[in-house]
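Read-outs: derived from the displayed coordinates by stated rules, not from any lab. A quick note: this is a predicted structure, and the numbers were derived from the prediction, not measured. Please note: Cβ atoms are built from the backbone with ideal geometry, for glycine as well, and neighbour counts cover all protein chains shown.
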Amino acid sequence: MRDGRLIIVSAPSGAGKTSLIGALLAQYQDDDMVVSVSHTTRAKRPRERDGVDYHFVDAKTFALMVDQGAFLEHAEVFGNHYGTSRQAVAEELAHGQDVVLEIDWQGARMVRAEFPHTLDIFILPPSRAELAARLKTRGEDNSKVINRRMNEARREISHYGDYANLVVNDDFDQALAHVTSIVEAARCGTRLPRQDMKTLLDELLSEN
């Protein structure tokens, strides 16, 4: 049985990482890839299921888990706390499963500190205008929250240099194919060259 691998997928809110991760896992029918279910203090949204989308816990429980070293990584995002169970990840890796971590740049740094050979992928939107349009289309946030998410997106994207792989989610099928090729290359012990995205990154990081 092969050893499992950690796969970090990060992106600003609205870039489509959750949909890409779901489609990626659907391609692997032999059950050798799973997504880690994070703990969070965030309130449960409609249609979300405890233990499936997240493990929803209160702030006191989360703080206790931090003190006990229960998290492989944890971070605060928009006033809510998120953490990845150290024990759950260890068990999945021991069973030869690749484990996908849907985490931000803060959590990614913590994971790399313990697992320096982790495969990491950063998902980029095709433009700031498209990112704003996607956030509005979701219909989950008011304009004030959307503006805050756009500002946070710039800060998140500014850490793109930490990641070995960048993927633009413009055409979903093409983005999925790119993510899949990165994973398959890693499984073969190789690494795809990172594409030059300077023009796009300059636009995404612009304050205008």
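Between Ile8 and residues 5 or more places away or on another chain, which pairs have amide H atoms under 5 Å apart, with H built 1.01 Å from N, and which residues are they?
Here the answer is Leu101, Leu119, Asp120, Ile121, since their amide H atoms fall under 5 Å of that of Ile8.
What does the convex hull of the alpha-carbon atoms of the chain project to on average, in nm²?
Details: hull surface 47.5 nm².
Projected over every direction and averaged, the Cα hull of the chain covers 11.9 nm².
Ranked highest first by the average count of other Cβ atoms within 10 Å around their residues, in what order do 79-86, 99-106 fall? The partial results should precede the final answer.
Working: 79-86: 18.0, 99-106: 21.8.
Order by mean packing, descending: 99-106, 79-86.
Could you give the nm distance between label points at Tyr28 and Lys44, where each point is 7 Å from its Cα heading toward the beta carbon?
Those two pseudo-labels are separated by 2.7 nm.
Under the rule of at least 5 residues apart or a separate chain, name every residue whose amide H is placed under 5 Å from the amide H of Val168.
Residues meeting the amide H criterion: Leu124.
Beta carbons within 10 angstrom, averaged per residue: use that to sort the peptides 192-204, 4-16, highest first.
Details: 192-204: 12.7, 4-16: 23.3.
The peptides rank, most packed first, as 4-16, 192-204.
For region 7-17, just list the computed ³J(HN,Hα) in residue order, Karplus coefficients 6.51, -1.76 and 1.60, θ = phi - 60°, integers in Hz, with x standing in for Gly and Pro.
10, 8, 10, 10, 5, x, 4, x, 7, x, 5
Could you go through region 97-111 in sequence order and give the Karplus-derived ³J(HN,Hα) for each residue, using 6.51 cos²θ - 1.76 cosθ + 1.60 with θ = phi - 60°, rounded to whole Hz, and x for Gly and Pro?
Once rounded to whole Hz, the list reads 8, 6, 10, 8, 10, 8, 9, 8, 5, 5, x, 4, 5, 5, 5.
Only bridges whose two residues both fall in the chain count here: according to DSSP, what percent of them are antiparallel, nearest 5?
Details: 8 of 26 bridges.
Just about 30 percent of them are antiparallel.
Where does the chain land at 222 nm, in deg cm²/dmol rounded to the nearest 500, when only DSSP H runs of n ≥ 4 count, each adding -39500 (n - 2.57), divided by all residues?
Numbers: 8 runs with 88 residues, N = 208.
When only DSSP H runs of four or more count, the value is -13000 deg cm²/dmol.
Just to check I understand the Karplus step: with θ = phi - 60° and J = 6.51 cos²θ - 1.76 cosθ + 1.60, what whole-Hz values come out for region 148-156, glycine and proline as x?
5, 5, 5, 5, 5, 4, 4, 5, 4
Under a cut-off of 21 Å between alpha-carbon atoms, report the lysines in cross-link reach of Lys136, not counting same-chain residues fewer than 8 places apart.
Answer for Lys136, where 21 Å is the Cα cut-off: Lys17, Lys44, Lys144, listed by chain and number.
Sort 54-67, 120-133, 166-179 for me by packing, meaning the mean count of neighbouring Cβ atoms within 10 Å per residue, highest on top. Spell out each step's value before the answer.
On the way: 54-67: 14.1, 120-133: 19.2, 166-179: 17.4.
Ranked by mean Cβ neighbours within 10 Å, highest first: 120-133, 166-179, 54-67.
Please identify every one of the GluC sites (Glu not before Pro) in region 139-180 that sits in a loop by DSSP and has no more than 15 other beta carbons within 10 Å of its own beta carbon. Present the calculation step by step, with values, prior to reporting the outcome.
Details: sites: Glu140, Glu152, Glu156; in loops: Glu140.
Passing sites in region 139-180 are Glu140.
Would you mind checking which residues have amide H under 5 Å from His55's amide H? H placed 1.01 Å from N; only 5 or more apart, or other chain.
HN-HN under 5 Å from His55: Ser38, His39, Thr40.
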